[in-house]
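The structure appears right after this line, and notes come after that.
The values are calculated or read from the model by the stated rules, or taken from the named source; none is laboratory data. Since the structure is predicted, the reported quantities are computational estimates derived from the model, not experimental observations. Methodologically, a virtual Cβ is constructed for each residue, glycine included, from the backbone with ideal geometry; neighbour enumeration extends over all protein chains shown.
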Amino acid sequence: MKRFGALLAAGGLLWAGMNGADAQGVVDRLYVLDCGHAHAQDQSRWSPGVNVGVPIDLSDNCYLLRHGADWLLWDTGIADKVAAMPDGLPSFNGAVVWRRPKTLEAQLAALGVKPADLKYVAISHTHADHVGNVELFPTVTVLIQKAEYDWAFAQPTPPFAATHPVIKLEGDKDVFGDGAVTVISTPGHTPGHESLLLHLAKTGWIVLSGDVAHFKSNWDNRRVPGFNFSKEQSIASMQRVADLLEKYHGQLWINHDAPQSAAQKHAPDYYE
């Protein structure tokens, strides 16, 4: 197994003499977990000037990876407490309503995975629909970009406990040292947004893209929501993901794209 070369100064990923066919590391199993869903009255919140006033349903998934004896959870979804709210959780003055049919805790238990079994919780970014359950795993190390951590903890309400163990990344990280799982720096939606590039033996390469794009039409047309932290960085990160997909002949998994989510296998089924 050839080792990764140095990270590019801009956070790019440099594979030293490696291409997709050379990589030996693989994720053994990938589970798609239901971490909530939302109904919004106006799709143009995410696609400025397009489909104004048209409602949209959004998925909100988490992803559980097994790599040898190690477990990694990517994102934690909207808070489990929302499952007990019959009318859901309104946000943005009621323009978006979140619901949680299944708790993350119950889904992990059904797979026989206890919170303490996890080696890492990695989060795409610190918005509430992605970090709602970080404190279910109080002893598990969170992988987060330093830029995201510093920005989030400067806000009036921190996304999780300041005492939580973290590794603050500054760019990409080969999580297990074998190329199977790599955190990819993709800022723009937030200052330290990140995505996850992973490799499965049968399924191949996948990019779990967080909120690089919220649904396929925005990805296809490179649309950037007006509330993103940086439009320039958002577009650059879309291109970076597109380049990785081309290089590894990979699949793009868009977290909030409800039609794509509905077509995927969900736990207890898994990808390998």
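Summary of computed values
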| quantity | calculated |
| --- | --- |
| Among the candidates Gly25, Gly36, residue that is closer than 30 Å to Leu200 by Cβ, in a loop (DSSP other than H, G, I, E, B), touching a residue at least 40 places away in the same chain (Cβ under 8 Å) and not hydrophobic (A, V, I, L, M, F, W, C) | Gly25 |
| Test: Glu246 is acidic (Asp, Glu) and in contact with a Ser or Thr (Cβ under 8 Å, 6 or more places away or on another chain) | no |
| Any chance Val121 is buried (at least 17 other Cβ atoms within 10 Å of the Cβ) and either of a type in the set (Ser, Thr, Tyr) or within 15 Å of the chain's Cα centre (by Cα) (or both) | yes |
| Residue pairs meeting the criteria (Cβ under 7 Å; at least 6 apart or on separate chains; first of a type in the set (D, E, K, R), in the stretch 123-137; second in a loop (DSSP other than H, G, I, E, B) and at pLDDT 95 or above) | Asp129/Gly77; Asp129/Ile78; Glu135/Phe160; Glu135/Ala161 |
| Residues (touching a Leu at 6+ places or on another chain (Cβ under 7 Å) and more than 22 Å from Leu108 (Cα to Cα)) located in the stretch 248-271 | Gly250, Leu252 |
| Cβ pairs under 8 Å, 6+ apart, first in the stretch 152-178 and in contact (Cβ under 8 Å) with a residue 12 or more places away in the chain and of a type in the set (Phe, Trp, Tyr), second crowded, with 17+ Cβ neighbours inside 10 Å and part of a strand (DSSP E or B) | Phe160/Val142; Phe176/His67 |
| Residue, surrounded by the most Cβ atoms within 10 Å (Cβ to Cβ), within the stretch 157-174, restricted to residues that are of a type in the set (A, V, I, L, M) and more than 17 Å from the chain's Cα centre (by Cα) | Ala161 |
| Test: Thr186 is surrounded by 16 or more Cβ atoms within 10 Å (Cβ to Cβ), closer than 27 Å to His67 by Cβ and more than 17 Å from the chain's Cα centre (by Cα) | no |
| Of all residues making up the stretch 77-110, the number that are more than 23 Å from Phe137 (Cα to Cα) and either of a type in the set (Gly, Ala, Ser) or assigned to a loop (DSSP other than H, G, I, E, B) (or both) | 8 |
| Test for Gly192: is it touching an Asp or Glu at 6+ places or on another chain (Cβ under 6 Å) and either touching a residue at least 12 places away in the same chain (Cβ under 8 Å) or surrounded by fewer than 19 Cβ atoms within 10 Å (Cβ to Cβ) (or both) | yes |
| Selection count where residues are in contact with a helix residue (DSSP H, G or I) (Cβ under 9 Å, 6 or more places away or on another chain) and either loosely packed, with under 12 Cβ neighbours inside 10 Å or on the phi > 0 side of the Ramachandran plot (or both), scope the stretch 81-94 | 2 |
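The rows are residues; the columns are (1) surrounded by 16 or more Cβ atoms within 10 Å (Cβ to Cβ); (2) out of contact with any Gly (no Cβ under 7 Å at 6 or more places or on another chain); (3) without any contact (Cβ under 8 Å) to a residue 12 or more places away in the chain.
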| residue | (1), (2), (3) |
| --- | --- |
| Gln239 | no, yes, yes |
| Trp253 | yes, yes, no |
| Asp257 | yes, yes, no |
| Ala262 | no, yes, no |
| Pro268 | no, yes, no |
